[in-house]
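Worksheet: the structure to be examined is printed underneath.
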Amino acid sequence: MRTVYVDVFLFVNLFESFLLLLGVKLTLKLRCKYYRLALGGLVSAFLSLSVFLPITNFFFNMLTIIISSAAATLISFGYNSRRLFIKTLSTLIILTLLFSGSMIFLYLTFKPNGMTIINNRPYFDISPTLLIILTVIIYFILTLYKKLFKNHTSSGLLHSVKFLYENNTCEFKAKADSGCNLKEPFSSSSVIIAEKKTIDFTVDTTKCRVIPFESLGGNGIIYGFKADEVYIDGRKCTQEVYIGLCEGVLNSDTAGLIPAELLGG
């Protein structure tokens with residue numbers, strides 16, 4: 001029987017949990033800090049010690065996966081609504097099951113040295129020092145990816161937005177976002193989100209509509225007004241569009257978000 005070291009088991013599960021949470025972040029395009037992913041992975045790693053309990057049935061294993069995934073989801077991404085929480089939790093559970101299944105298949109098929117399965121959880125006989133080195137390497141890879149992605153966004157994925165409102169004209173760069181589906185509640189018109197600082201004229205708040213929003217970053221309201229005309233990349237929008245104002249929410253490389261449906265005209 002292979003000797004299992006608790007410290008190595010914790011390091012391995014922390015590493016795996018962090019990568020799975022990162023997978024959720026990239027899959028759902030969520031915004032969260034990496035330290036929160038690491039903290040969520042740490043809690044999940046400690047909860048994974050339940051595999052050493054003298055219970056090996058399938059339902060217990062599934063229950064521990066659900067509990068540890070729920071805890072990691074709450075810590076990493078927070079809780080803002082039931083729908084968003086369930087979506088994030090479900091994605092994490094699916095990725096966890098896919099990962100565990102692929103590791104079990106790898107173990108049963110090839111029997112690699114230094115690997116074993118404990119209650120359907122993979123264990124690798126690897127030193128914590130090597131795991132730390134791998135973590136540092138992945139951190140630098142993520143940092144490089146972030147810089148490359150930011151440069152790509154700045155050059156290719158940003159769109160020019162121009163709108164007219166009461167004899168005023170405003171132009172800014174915005175990113176198309178399929179997850180941006182804000183609607184003005186009374187007219188169901190699409191809403192382009194813009195940083196308030198990009199609007200170089202005064203907006204009469206009495207003419208604004210209250211627009212509720214829901215996201216993983218939080219729930220609340222923004223104020224918006226109906227633009228007289230809107231142009232995206234020089235093409236006039238044929239439908240009614242509202243401009244919703246936010247403050248200090250968007251990344252530095254973009255001043256707004258465009259619902260993807262508006263790109264069709």
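The values are calculated or read from the model by the stated rules, or taken from the named source; none is laboratory data. Note that this is a predicted model, so its numbers are computed, not measured. A quick note on method: Cβ atoms are made from the backbone with ideal geometry, for glycine too, and the neighbour counts reach across all protein chains shown.
Tabulated values for the structure
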read-out: Those residues of region 31-55 which are more than 19 Å from Ile138 (Cα to Cα) and either acidic (Asp, Glu) or part of a loop (DSSP other than H, G, I, E, B) (or both), in sequence order; value: Leu53, Pro54, Ile55
read-out: Selection status of Leu26, assigned to a helix (DSSP H, G or I), free of Cβ contacts under 8 Å to residues at least 24 places away in the same chain, of a type outside the set (Lys, Arg) and farther than 18 Å from Ile66 by Cβ; value: yes
read-out: The listed residue being more than 30 Å from Phe213 (Cα to Cα), hydrophobic (A, V, I, L, M, F, W, C) and part of a helix (DSSP H, G or I), out of Leu106, Leu92, Leu74; value: Leu106
read-out: Count of region 1-40 residues which are out of contact with any Leu (no Cβ under 8 Å at 6 or more places or on another chain) and basic (Lys, Arg); value: 4
read-out: Scope region 215-257; condition farther than 22 Å from Thr205 by Cα, touching a Lys or Arg at 6+ places or on another chain (Cβ under 7 Å) and either of a type in the set (Gly, Ala, Ser) or at pLDDT 90 or above (or both); matching residues; value: Gly217, Tyr231
read-out: Cross-chain or 6+ apart pairs with Cβ under 6 Å, region 229-249 first and surrounded by 13 or more Cβ atoms within 10 Å (Cβ to Cβ), then among the hydroxyl-bearing types (Ser, Thr, Tyr); value: Glu240/Ser189; Val241/Ser190; Tyr242/Ser189; Leu245/Tyr223
read-out: Pick from region 112-137, criterion hydroxyl-bearing (Ser, Thr, Tyr) and either closer than 13 Å to Glu16 by Cβ or touching a Pro at 6+ places or on another chain (Cβ under 7 Å) (or both), ranking: modelled with the highest pLDDT; value: Tyr123
read-out: Filter result for Val51 (modelled with pLDDT of 85 or more, hydrophobic (A, V, I, L, M, F, W, C) and crowded, with 18+ Cβ neighbours inside 10 Å); value: no
read-out: Residues of region 39-67 satisfying the condition of being without any contact (Cβ under 8 Å) to a residue 24 or more places away in the chain and over 17 Å from Thr91 (Cα atoms); value: Ser50, Leu53, Pro54, Ile55, Asn57, Phe58, Phe59, Phe60
read-out: Neighbours by Cβ (under 7 Å, 6+ apart or cross-chain): first from region 188-210, in a strand (DSSP E or B); second hydroxyl-bearing (Ser, Thr, Tyr); value: Val191/Tyr242; Arg209/Tyr242; Val210/Tyr223
